[in-house]
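See structure below.
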Amino acid sequence: MSGWMYLLYVVVFILLVVLVPPLIKRYYYQRLMQDLEAHNFTLFTRHLDSFLAKVTFSAFERESMRLSMYEMRNEMKKADEQVQFMENMRLNKKQKAQLGERGFYVYLESGKIKKARHMMEMVEQYGSEIQAKNLQIQYSILLKKESKYIKELQERHARLKDAKGEIPANVQNQAGTFEYLIGLQYSYLKDKDNTRKWLEPALEHLKNTPYEGEIVELLKA
């Protein structure tokens with residue numbers, strides 16, 4: 001075999017090893033997401049449990065997608081069981097932090113304070129400081145109904161404003177989340193003026209989101 005033919009075979013082999021797996025993974029991931037978006041859960045499960053999925057995705061990635069299906073179907077009991085199943089898998093630190101964050105939101109949705117705290121502690125142990133801080137704030141406000149993060153969130157909100165003192169379009173959703181959390185804390189303090197002051201812009205910035213209905217009800221109170 002000539003030298004250039006050998007080199008060609010080596011190059012082709014490298015391309016197959018390096019480029020093809022990511023392409024297959026991207027294609028199959030898109031296929032799975034299309035199944036979810038179409039609410040074709042039977043086909044999604046079939047694809048997820050296929051041989052191709054098992055050789056393309058890690059066990060953690062596959063079970064994370066299965067958790068997404070349970071959340072989309074609002075099957076919170078199965079989502080709870082799935083989080084517990086995943087916690088017993090062999091996970092690295094990054095995966096434990098990711099699971100802690102996902103699990104936190106599962107238990108936040110179902111109002112399970114102790115389990116949410118456990119997930120938050122996983123993130124505190126294995127995740128970044130900012131990941132943990134964000135969960136601590138939500139745990140305090142949404143589950144324990146405390147009002148100790150008003151000033152901190154007001155400062156974060158102020159940093160989102162541009163030179164004109166306005167909220168840019170690309171951060172309006174984030175600003176609305178801060179406004180909602182600030183307004184909610186004022187509602188715990190029975191401070192109606194400040195509750196309305198923060199919830200009214202939150203309603204505008206979080207229109208057509210899951211928060212909208214709750215904000216409307218708070219403003220009626």
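The values are calculated or read from the model by the stated rules, or taken from the named source; none is laboratory data. Quick caveat: nothing in here was measured; it's all calculated off a predicted structure. Because the Cβ atoms are built from the backbone with ideal geometry, glycine has one as well, and the counts that use them run over all protein chains shown. These accessible areas exclude ligands, DNA and RNA; they are computed on the full protein's heavy atoms, side chains included. Shrake-Rupley method; radii C 1.70, N 1.55, O 1.52, S 1.80 Å.
Tallying residues that are under 27 Å from LYS25 (Cα atoms) and in contact with a helix residue (DSSP H, G or I) (Cβ under 7 Å, 6 or more places away or on another chain) within segment 86-118 yields 14.
Out of curiosity, is THR177 of a type in the set (Val, Ile, Thr), closer than 17 Å to ILE137 by Cβ and touching a residue at least 12 places away in the same chain (Cβ under 8 Å)? Taking the combined requirement at face value, the residue satisfies it. Segment 26-79 holds helices (runs of 4 or more DSSP H) entirely within its bounds, and those carrying 1 or more residues that are in contact with a Leu (Cβ under 7 Å, 6 or more places away or on another chain) and closer than 24 Å to LEU91 by Cα map to 41-48, 59-72. Would you confirm whether any residue within segment 89-106 is at pLDDT below 95 and over 23 Å from ALA59 (Cβ atoms)? Looking through segment 89-106, none of the residues is at pLDDT below 95 and over 23 Å from ALA59 (Cβ atoms).
Under 9 Å between Cβ atoms, at least 6 apart or on separate chains: pull out the pairs that start in segment 108-124 with a residue that is over 9 Å from LEU143 (Cα atoms) and end on any residue that is open to solvent by 80 Å² or more (accessible area, probe 1.4 Å) and of a type in the set (D, E, K, R). Matching pairs, first to second residue: SER110/LYS77.
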